[in-house]
Amino acid sequence: MVELARKLALPERRLPASPVLVVLLGSCVFLVIGCLQSTIFAQQTVAGLAQGAVYGSLALALVLIYRATEVINFAQGEMAMASVYIAYQLIQWGFSYWEAFAVTLAVAFVLGIAIQVAVIRPVQHKSVIAVVIVTVGLFILIDGLVNWKWGGAIRFMPAPFGGRVYHAGGVAFARQDLGTLVVTIASVMLLWALFQFTKLGLGMRAAALRPAAASLVGVRVNRMLAVGWGLAAVLGAVAGLMAEPSQFVLQPTLMQPILLYAFAAAVLGGLESPAGAVVGGLALGIFLNLIGQYVHFVTSELRLPFAFAVLLAVLLVKPTGLFGHGKVRKV
Amino acid sequence: MRARVPAVASAAAVAVVLALLPFGMSGYHQALGAKVATFFIAILGLDILTGYTGQISIGHGAFMAIGGYTTAVLSRDHHTNLVLTMLVAFAVCFVCGLLVGLPALRLSGVYLALATFALAVSVPQIPLKFSTYLGGSGGVQSSRTVSHLWLYGVSWAAAAILFVLAWLILRGRTGRAFRAIRDSEVAAVSSGVKLPVYKTLAFGISAAFAGVAGSLYVLGTNGFAQPSEFGIILSLQILIGAAVAGLGSLWGVLVGAVFVGLLPEISSSVPLIGSAHGQDVVFGLLVILVMVVLPTGVAGLFQRLRRLRAPT
């Protein structure tokens, strides 16, 4: 079974088209040179990386669900926000931050599976638009539940990494930025390892790519899809918990702007591509921070429209995102 | 041809009911009725694009914002007749729709959905940036406000006119081209349908409808055009309405409009939860429930009923 499933999950590794690679490498070189030239540039780049890591991990959650269910999960950000509130509640009950962190991830996993089984599975194969609307309904529902339970007022959570700042070569690195970067990248790597090296991950890849064939070789497709939702919820929870300290306060609208950036990041990378989502997120984070620093026309109101304008420009050149591939269809 | 008579008769019946309804209602309920008409027009526009041409848009709130601001600004600066501003909004949004439709030619499916979503997010930010002319977060106040009855009458009159317009567009050559594109782009091109022309046209028409809805929406909020009124939630409401309506059914649109127009009001009066946010919980639950029970919307239900009645 494993051998067969491996064959099904094969068309996984494809490099992006070479012009895209050239552009990506070029921007990396530009960033490195810029960082060496100017300390402000370096500082903004590191802060951008930390923000981008948050966008990237939420974008990755979107991509996981997109690959398994072929819909954009509008509720992803609100699921993440609800997880942060769960962590908040646990800390109120006397857990330490990292205990609460771990418990929250477990709860998010269970809730993700529960959502898939309870409301997504019944509409899954009936109509794509119905699934999208169910996620929109979930968005409203979760938002309402959190507002109902905890209220819309601002809450405060302890900072996970403290406020220390490191200095290296005249550049100040906030410990919090570094911590955010480490935690999100670590969770992405763990997830990648899970998908790449375990039987469960293999089954999930096979189920997402070729559901019918996968079920023929003995993969429990439905179960795999549910686990996929669970993992996406966990990833979202990590993104939420890491996003919270950079906003300083906790309120129900916490993840809404971040979800939009995650959408942009996921589309930028190509919705089919997990690596694309992470790269897209990081690129977006750095790009927005640098633009905010150096281009004064783009004030905070214009940040979001500007991000989307860039996204649109990319899509017009490459309609399936940077790492995406056009689908070949028989007519 | 035989199906025409009952269709026309039921349309007339609905029109009569809608025309008589306001006389027994309070001002509050008239405003609510006008809101349903507003949603009706917006959902109708979205249905032309998504249900009949197969292009998804999550960005119709953006066109509503453009239409609404057109009305408010014209009224503020030139004291233009409000009905006239709706015509202008129709034209302006038609052009905007064409402009959005052109790049949309390169995109499809989920990428198009997210690109239009980007539009919905971006447009309300523009008044914040150019606040001297567009009023910033405070919004633009039109020079005239209208009574509830006026609003109800004009809204439903506009809805009726646009409904007939949509029907005329969809029954003829253009509608056939739209449906051909929806069912198979390759087959449509092979039969001589000019894909770029009709896809852009569908975007234009759809946006124009949303523009009129936007004008009415602004008049319904005491003539105030505010960025916060045109947030993502509005676009999502239109999408929910279209999904409840089911794609490609003009009658379903009425049900969809009633659903999104009235439900938040009804669920806020559910005593069960009794908090300001209880209504979101109820509304969210109902949206999910309706989709689970009727994944293809009211249109799908109609189809099933028709098949039951005439088993062939």
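The values are calculated or read from the model by the stated rules, or taken from the named source; none is laboratory data. The structure displayed is predicted, hence computed values, not measured ones. Heads up, the Cβs are rebuilt from the backbone with ideal geometry, glycines too, and the neighbour counts pull from every protein chain shown.
Identify, from the list A:L64, A:L138, the residue that is crowded, with 23+ Cβ neighbours inside 10 Å, closer than 22 Å to A:M224 by Cα and either within 13 Å of chain B (Cβ to nearest Cβ) or modelled with pLDDT of 90 or more (or both). Just a single option satisfies the conditions, and that option is A:L138. Would you mind telling me which numbered condition in (1) out of contact with any strand residue (DSSP E or B) (no Cβ under 7 Å at 6 or more places or on another chain); (2) more than 9 Å from every other protein chain (Cβ to nearest Cβ) B:V218 fails? Single failed check for B:V218: (1). Selection of the stretch B:219-230 for residues being touching a helix residue (DSSP H, G or I) at 6+ places or on another chain (Cβ under 6 Å) and over 19 Å from B:A34 (Cα atoms) yields only B:P227.
Annotation: A:E301 fulfils all but one of (1) crowded, with 20+ Cβ neighbours inside 10 Å; (2) facing chain B (nearest Cβ under 10 Å); (3) not small (G, A, S); the unmet one is (1).
Here is the figure for the stretch A:34-92: residues that are charged (D, E, K, R) and in a helix (DSSP H, G or I) total 2. With respect to the stated conditions, B:F23 fails to be under 29 Å from A:L260 (Cα atoms) and of a type in the set (F, W, Y).
Would you check if A:G285 is under 12 Å from the mean Cα position of the chain (by Cα) and more than 10 Å from chain B (Cβ to nearest Cβ)? When the stated conditions are applied, A:G285 does not pass them. Being crowded, with 16+ Cβ neighbours inside 10 Å and in contact with an Asp or Glu (Cβ under 8 Å, 6 or more places away or on another chain) is a description that applies to B:Y217.
Scanning the stretch B:52-80 for residues that are of a type in the set (S, T, N, Q) and either buried (at least 21 other Cβ atoms within 10 Å of the Cβ) or at pLDDT 85 or above (or both), we see that the one that is nearest to B:R173 (Cα to Cα) is B:T53. Inspection of the stretch B:86-105 finds no residue satisfying the criterion of being more than 23 Å from A:P319 (Cα to Cα) and within 14 Å of chain A (Cβ to nearest Cβ). When each of A:V278, A:V238, A:V249, A:V267 is tested for being among the aliphatic types (A, V, I, L, M) and surrounded by fewer than 24 Cβ atoms within 10 Å (Cβ to Cβ), the lone residue that passes is A:V249.
Limited to the stretch B:127-142, what total is found for residues that are free of Cβ contacts under 8 Å to residues at least 40 places away in the same chain and within 7 Å of chain A (Cβ to nearest Cβ)? Qualifying residue count, the stretch B:127-142: 1. Being touching a helix residue (DSSP H, G or I) at 6+ places or on another chain (Cβ under 6 Å), surrounded by fewer than 17 Cβ atoms within 10 Å (Cβ to Cβ) and within 14 Å of chain B (Cβ to nearest Cβ) is a property that holds for A:V117. Here A:A283, A:A313 are screened, and the one residue that is surrounded by fewer than 18 Cβ atoms within 10 Å (Cβ to Cβ) and under 18 Å from A:V20 (Cα atoms) is A:A313. Filtering A:A80, A:A108, A:A75, A:A100 for residues that are closer than 22 Å to A:A153 by Cα, out of contact with any Gly (no Cβ under 6 Å at 6 or more places or on another chain), away from chain B (no Cβ under 14 Å) and touching a residue at least 12 places away in the same chain (Cβ under 8 Å) leaves a single hit, A:A100. Of the helices (runs of 4 or more DSSP H) lying entirely inside the stretch B:1-89, the ones with 3 or more residues being more than 21 Å from B:V253 (Cα to Cα) are found at B:60-78.
Scoring B:A115 on the criteria (1) farther than 30 Å from B:G24 by Cα; (2) in a helix (DSSP H, G or I); (3) away from chain A (no Cβ under 14 Å) leaves a single failure, condition (3).
Scanning the stretch A:21-45 for residues that are among the β-branched types (V, I, T) and surrounded by fewer than 19 Cβ atoms within 10 Å (Cβ to Cβ) yields A:V22, A:V23, A:V29, A:V32, A:I33, A:T39, A:I40.
For (1) within 14 Å of chain A (Cβ to nearest Cβ); (2) more than 16 Å from B:T71 (Cβ to Cβ); (3) crowded, with 17+ Cβ neighbours inside 10 Å, each residue gets a yes or a no:
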| residue | (1), (2), (3) |
| --- | --- |
| B:T145 | no, no, no |
| B:L149 | no, yes, no |
| B:G153 | no, yes, yes |
| B:I161 | no, yes, no |
| B:V164 | no, yes, no |
| B:L168 | no, yes, no |
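Restricted to helices (runs of 4 or more DSSP H) entirely inside the stretch B:150-231, those with at least 2 residues that are under 16 Å from the mean Cα position of the chain (by Cα) and under 20 Å from B:V253 (Cβ atoms) are B:195-220.
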